[in-house]
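Working notes, beginning with the structure itself.
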Amino acid sequence: MAEISKDLHTEHMVINMGPSHPVTHGTVKFLATLEGETIVDLDVEIGYLHRGFEKMCENSTWQQVIPYTDRLNYVSPLINNTGYALAVEKLLGIDVPERCKYLRVIACELSRLSDHLTNVAAAGLELGAFTAFLYFVEARELVWDLIESLCGARVTVNYVRIGGLKNDLPERFEEKVRYVFKEVRRLWVDVDKLLTKNRIFIDRVRGVGAISAEEAIAYGFTGPCLRACGVPYDVRKAQPYLVYDRMDFEVPIGETGDNYDKYLVRMEEIQQSMRIVEQALAQMPDGPINVRLPQVRMEPKEKIYSRIDSLIYHFKTVIEGIKPPPGEVYLAVEGGNGELGFYLVSDGSGKPYKCRVRPPCFALTAAMPRLVKGRLLADIVPTFDMINMIGGECDR
Amino acid sequence: MLADLIESLAKIVFIFTVNVGVFAPILGWVERKQSAVMQDRIGANRADILGFTAIGLFHSLADALKLLTKEDFVPANANKFFHTLAPFIALVPAIAAFAIIPFGGRYELFGHEINLVIADLDVGILYVFALAGLATYGTVLAGWSSRSNWSLLGGLRASAQMLSYEVAMGFSIIGIIIVYGSLRLTDIGAMQEDFFRWGIFLQPVGFIIYMTCAIAENKRIPFDIPEAESELVAGYFTEYSGMKFVMFWMAEFLEMVTISAIVTTLFFGAWHIPFVTDAMLLSWFQFAGPNGAAALAMLVNIVVFFTKVSFFIWLQMTIRWTLPRFRYDQVMRMCWKMLLPLSLINLSITGLVVLLL
C-alpha cells in the first residue's frame with residue numbers, strides 16, 4: 001500500500017471562488033485549497049467593494065454622510081441611517097421627539113425584516129430551493145413597497161436626519177402594514193413548510209459551520225450568528241436605544257451555532273420584528289418628528305422663506321454643516337447582521353474628523369476559514385450564506 | 001418489405017418529432033411556466049410574433065434562434081476534439097433510448113401487422129441501461145476536456161454519481177424483470193393489461209428506487225451536484241456555449257421524457273387504460289370498420305401513453321422546483337448505504353415470492 005501511494009503523485013487543487021462566482025454575492029474571493037472535495041485551506045479576500053466610505057465622510061458635512069450610510073448594508077439601509085444619526089445626536093447631546101423615536105423603530109424593524117428575508121431567501125436559492133427564494137423575495141418586495149411609501153425610495157432611502165426624519169408617516173400606512181404583514185406571515189409559513197423540516201435542507205445545514213459560544217465571542221461575532229451559539233446578546237436588549245425598552249419582543253437563541261440554528265434564529269426574528277412594528281404603530285404618540293433646534297435640523301421651508309433667522313440657520317447648516325462640540329462617541333445599534341457601531345470624532349468643525357464603522361459582518365467573514373476548513377466544498381455555500389456578508393458594509 | 005420500411009420510418013419520424021420537435025421545446029416552456037405557477041410568478045410571456053405571444057410558447061423559438069447565432073466558444077488549451085464530441089455523446093443516447101419504448105399495442109392495419117414500437121428488442125431494458133451508461137461518457141468528457149477546474153470537479157462528481165446510481169437503478173429493475181419474466185418492453189407492457197398486474201402494485205419499492213435513481217442519473221435537483229451552480233458555477237458544462245450548451249440542455253429534457261416513458265412502461269400499465277383491454281378498445285370502435293377501429297385504438301393507446309408520460313414529467317418538475325440539493329457525500333451515501341441495500345432486499349424478497357408461488 002505504501003509503495004502504491006508513493007508512486008501516486010497527487011497535489012492539492014487551488015481554485016479561485018470569486019470575486020465573480022454565484023456563491024460570492026457581495027463580491028468577495030475565496031482562495032480554496034482542495035484535496036478532492038475537502039477544503040484544506042481557505043483564504044478570504046475582501047475589499048472588492050471598498051469605496052473609501054470613512055475617508056469620504058471626512059470630506060462631507062455631518063448631514064451629507066447619511067446618503068453614504070445607505071450604501072453600507074444596502075439590504076437594511078434604514079438601520080445604518082438610524083445608527084449614524086443616533087451617534088451624531090449623542091455627540092450633540094440632543095434627544096429627538098417621541099414620535100420620531102417610534103418612527104425610527106418602525107423603519108429599523110422594516111429594514112431588519114428585509115435583511116432577514118433576503119438572507120434566508122438567498123440561502124434557499126443557493127442550496128437549490130429556488131421556490132423558497134422567490135417566496136421570500138416576494139415578501140421582501142412587499143416590505144420594500146412599505147419602505148418606498150415611507151421614504152420614497154426602496155434601497156437608497158436617505159430617510160433619517162440628524163435630529164429628526166425626512167417626513168412623517170404617509171397616509172394609510174397602518175392599513176398597508178396590516179396587509180403586508182398578513183402576506184409576509186403567509187409566505188413565512190410557506191417557506192417554513194418548504195425548508196424547516198425538509199430533510200435535505202436540514203442535512204445540508206445542520207452541524208455545518210458550527211462554532212462554540214466562547215470562540216464566537218473571541219472572533220467578535222454579534223447578531224443572529226452569535227445568538228445562534230446560545231448567547232442572548234442583542235443591542236436592542238443589552239443597551240436599549242430609541243424606544244426598544246418599551247417593546248415586548250423576544251431574543252431567539254440557538255444552541256450549537258451551526259447554520260441551521262442561524263437559519264432558525266433569523267426565521268424567528270422575522271416574526272419578532274413584525275411584532276415590534278405592530279406595537280410601535282399602536283403606541284406611537286402624535287407630535288413633531290423633528291427637534292426644534294434650527295442649528296441642527298432644518299426648519300420647514302415656509303419658515304426659511306419668511307423668517308430671516310431661519311434663513312440664516314439654513315444657510316449656516318447647509319454651507320458649514322452642523323457643528324457638534326469636539327469629542328468622540330461610540331454608539332451601536334442592532335443591525336441586520338449584528339452590532340453596527342459608529343465611532344465618531346468631532347473637532348468642532350462642520351465635518352466629521354473621523355467616522356469609523358464597526359461592520360458586524362467583518363468579524364463574521366473573518367471566521368469563514370475556521371468554519372469551513374476540513375469540510376466539503378459544498379459546505380462553503382450554506383456557511384457563507386448564513387454569515388450574510390454584505391460587501392458594502394464589510395469593505396466600506 | 002417496403003411496408004415494413006415505411007412502418008419503421010413512420011414510427012421513427014413520429015417519435016423523433018414528438019421528442020425533439022415537441023417535447024424538448026415544449027418542456028422548456030412547461031418548465032418555465034410551471035416554476036412560475038409554483039412561485040407566484042407569471043413566467044415567460046414576452047416573445048411575440050406580430051403581437052401574438054401564444055402564452056409564451058414563442059420563447060422556445062426565440063431561444064433556439066438566439067442559441068444558434070451565439071458564438072461557439074472553446075476555451076484555450078481545451079481538448080477541442082473531445083470538447084466538441086462530449087455534447088453529442090450526451091444527446092444521442094437520450095434520443096436513441098426511445099427506440100425500444102412501446103407507445104401502443106399490436107394491431108392489424110390493412111392486413112399488415114403494426115407494432116407501436118420502433119425496435120422490439122428482446123434485450124429490451126438492457127439496451128436502455130447500455131445507453132444510459134454511454135451518456136455518462138458525455139458528461140465526464142465534457143468535464144475533462146474543458147480544462148477548467150469547475151468543469152473537472154463537475155465531471156468527477158458526475159462520474160461518481162452516475163456510475164453509482166446506475167448500480168442501484170439496475171437492481172431496482174431486476175425485480176420487475178423477475179415478476180414479468182421478460183426483458184422485452186412490449187411483453188411487459190402487454191402483461192399490464194390487467195390493472196392489478198401493473199408494476200406499481202407488484203413492485204412498489206422498485207418504483208420508488210427506480211424513480212429516485214433515474215432523477216439522480218439525469219442530474220436534476222435534488223441531485224444536480226455535478227452542475228450545482230452555487231458551488232461549481234455550472235459544473236461540467238461551464239465552458240460550453242451556443243448549440244453545444246443546448247445539446248446538454250436537450251439531453252437533460254429528453255432523458256426526463258425517457259425516464260417518464262420507462263416508468264410508465266414498467267410500472268404504470270404502459271399504454272393501457274385501467275380495466276380496459278386492447279380487445280375492448282377494438283370492439284368499441286367496430287363502427288369504423290376493422291381498419292378504422294385499429295387506427296382509433298392505436299390513437300387512444302398513443303394518447304394514453306403520452307398522457308402518462310406527461311404526468312411523470314410534471315412530477316419530476318414539481319420535485320425539481322420544490323427541493324434543495326444534496327451535498328456530494330450525502331448523494332453517495334444515499335446510493336450505497338440506502339438505495340442499494342434496499343434494492344437488494346427488494347430483489348431477494350421478489351425472488352423468494354416468485355419462487356414460492
**OP:** Grab the helices (runs of 4 or more DSSP H) fully contained in segment B:30-149, keeping just those with 1 or more residues being within 28 Å of B:Asp4 (Cα to Cα) and either aromatic (Phe, Trp, Tyr) or touching a residue at least 60 places away in the same chain (Cβ under 8 Å) (or both).
**Re:** B:80-96, B:125-145
Original post:
How many residues are under 22 Å from A:Arg185 (Cβ atoms) and within 12 Å of chain B (Cβ to nearest Cβ) if we restrict to segment A:106-129?
Top reply: 6
**OP:** Please indicate, with yes or no, whether at least one residue in segment A:13-33 is in contact (Cβ under 8 Å) with a residue 24 or more places away in the chain, away from chain B (no Cβ under 13 Å), under 18 Å from A:Lys373 (Cα atoms) and not in a loop (DSSP other than H, G, I, E, B).
**Re:** no
Subject >> Residues satisfying the stated conditions in segment B:142-165, i.e. closer than 30 Å to B:Val353 by Cβ and touching a Phe, Trp or Tyr at 6+ places or on another chain (Cβ under 7 Å) >> reply: B:Ser164
Original post:
Does segment A:135-143 contain any residue that is more than 14 Å from chain B (Cβ to nearest Cβ) and surrounded by fewer than 21 Cβ atoms within 10 Å (Cβ to Cβ)?
Top reply: no
Original post:
Counting only residues that are of a type in the set (D, E, K, R), surrounded by 16 or more Cβ atoms within 10 Å (Cβ to Cβ) and under 17 Å from A:Trp144 (Cα atoms), how many does segment A:169-197 have?
Top reply: 1
Original post:
Taking B:Glu31, is it more than 14 Å from chain A (Cβ to nearest Cβ) and among the charged types (D, E, K, R)?
Top reply: no
Original post:
When B:Ala295 is evaluated against the numbered criteria (1) touching a strand residue (DSSP E or B) at 6+ places or on another chain (Cβ under 8 Å); (2) without any contact (Cβ under 8 Å) to a residue 40 or more places away in the chain, which criterion, by number, is the only one it fails?
Top reply: (2)
**OP:** Would you mind listing the helices (runs of 4 or more DSSP H) fully within segment B:274-336 where at least 2 residues are in contact with a helix residue (DSSP H, G or I) (Cβ under 6 Å, 6 or more places away or on another chain) and away from every other protein chain (no Cβ under 14 Å)?
**Re:** B:278-284, B:289-320
Original post:
Out of (1) at pLDDT 90 or above; (2) more than 22 Å from A:Met368 (Cα to Cα); (3) small (Gly, Ala, Ser), what's the single condition that is false for A:Ala238?
Top reply: (1)
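Taking B:Ile114, is it touching a strand residue (DSSP E or B) at 6+ places or on another chain (Cβ under 9 Å) and either at pLDDT 85 or above or surrounded by fewer than 22 Cβ atoms within 10 Å (Cβ to Cβ) (or both)?
On the way: touching a strand residue (DSSP E or B) at 6+ places or on another chain (Cβ under 9 Å): yes; either at pLDDT 85 or above or surrounded by fewer than 22 Cβ atoms within 10 Å (Cβ to Cβ) (or both): yes.
Yes, satisfied.
Which one of B:Arg157, B:Arg147 is at negative phi and more than 15 Å from the chain's Cα centre (by Cα)?
From the options B:Arg157, B:Arg147, the qualifying one is B:Arg157.
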Original post:
Does A:Leu103 qualify as being in contact (Cβ under 8 Å) with a residue 24 or more places away in the chain, within 14 Å of another protein chain (Cβ to nearest Cβ) and either aliphatic (A, V, I, L, M) or in a helix (DSSP H, G or I) (or both)?
Top reply: no
Original post:
Only one of B:Gly133, B:Gly154 is of a type in the set (Gly, Ala, Ser), within 14 Å of chain A (Cβ to nearest Cβ) and either crowded, with 17+ Cβ neighbours inside 10 Å or farther than 28 Å from B:Ala294 by Cα (or both); which?
Top reply: B:Gly154
Subject >> Tally, over segment A:198-238, of residues that are surrounded by fewer than 17 Cβ atoms within 10 Å (Cβ to Cβ), polar (S, T, N, Q) and either within 14 Å of another protein chain (Cβ to nearest Cβ) or in a helix (DSSP H, G or I) (or both) >> reply: 0
Original post:
Is it true that some residue in segment A:172-181 is more than 24 Å from A:Val296 (Cα to Cα), without any contact (Cβ under 8 Å) to a residue 24 or more places away in the chain and not in a helix (DSSP H, G or I)?
Top reply: yes
Original post:
Hey, among A:Val155, A:Val143, A:Val184, which residue is aliphatic (A, V, I, L, M), part of a loop (DSSP other than H, G, I, E, B) and under 21 Å from the mean Cα position of the chain (by Cα)?
Top reply: A:Val155
Subject >> Residue that is surrounded by the fewest Cβ atoms within 10 Å (Cβ to Cβ), among those in segment A:383-396 that are in contact with a Gly (Cβ under 7 Å, 6 or more places away or on another chain) and within 14 Å of chain B (Cβ to nearest Cβ) >> reply: A:Thr383
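Could you run through segment A:19-40 and say how many residues are of a type outside the set (Lys, Arg) and under 25 Å from A:Glu393 (Cα atoms)?
Here is the first cut: in segment A:19-40, the residues of a type outside the set (Lys, Arg) are A:19-28, A:30-40.
The next check asks that each one be under 25 Å from A:Glu393 (Cα atoms); those that pass are A:19-28, A:30-32.
Qualifying residue count, segment A:19-40: 13.
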Original post:
Based on what the data block shows, is B:Ser283 under 30 Å from B:Arg197 (Cβ atoms) and surrounded by 24 or more Cβ atoms within 10 Å (Cβ to Cβ)?
Top reply: no
**OP:** Give just the number: which of (1) free of Cβ contacts under 8 Å to residues at least 40 places away in the same chain; (2) charged (D, E, K, R); (3) closer than 28 Å to A:Leu31 by Cβ does B:Glu227 not satisfy?
**Re:** (1)
Subject >> Residues of segment B:303-315 satisfying the condition of being surrounded by 17 or more Cβ atoms within 10 Å (Cβ to Cβ) and touching a residue at least 40 places away in the same chain (Cβ under 8 Å) >> reply: B:Phe305, B:Phe306, B:Lys308, B:Val309, B:Ser310, B:Phe312, B:Ile313
Original post:
Residues that are among the basic types (Lys, Arg): which helices (runs of 4 or more DSSP H) entirely in segment B:187-268 hold 1 or more of them?
Top reply: B:242-267
Original post:
Does any residue of segment A:188-197 turn out to be more than 30 Å from A:Leu331 (Cβ to Cβ), part of a loop (DSSP other than H, G, I, E, B) and within 14 Å of another protein chain (Cβ to nearest Cβ)?
Top reply: yes
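The values are calculated or read from the model by the stated rules, or taken from the named source; none is laboratory data. Computed from a predicted model, the values in this text were never measured in an experiment. Methodologically, a virtual Cβ is constructed for each residue, glycine included, from the backbone with ideal geometry; neighbour enumeration extends over all protein chains shown.
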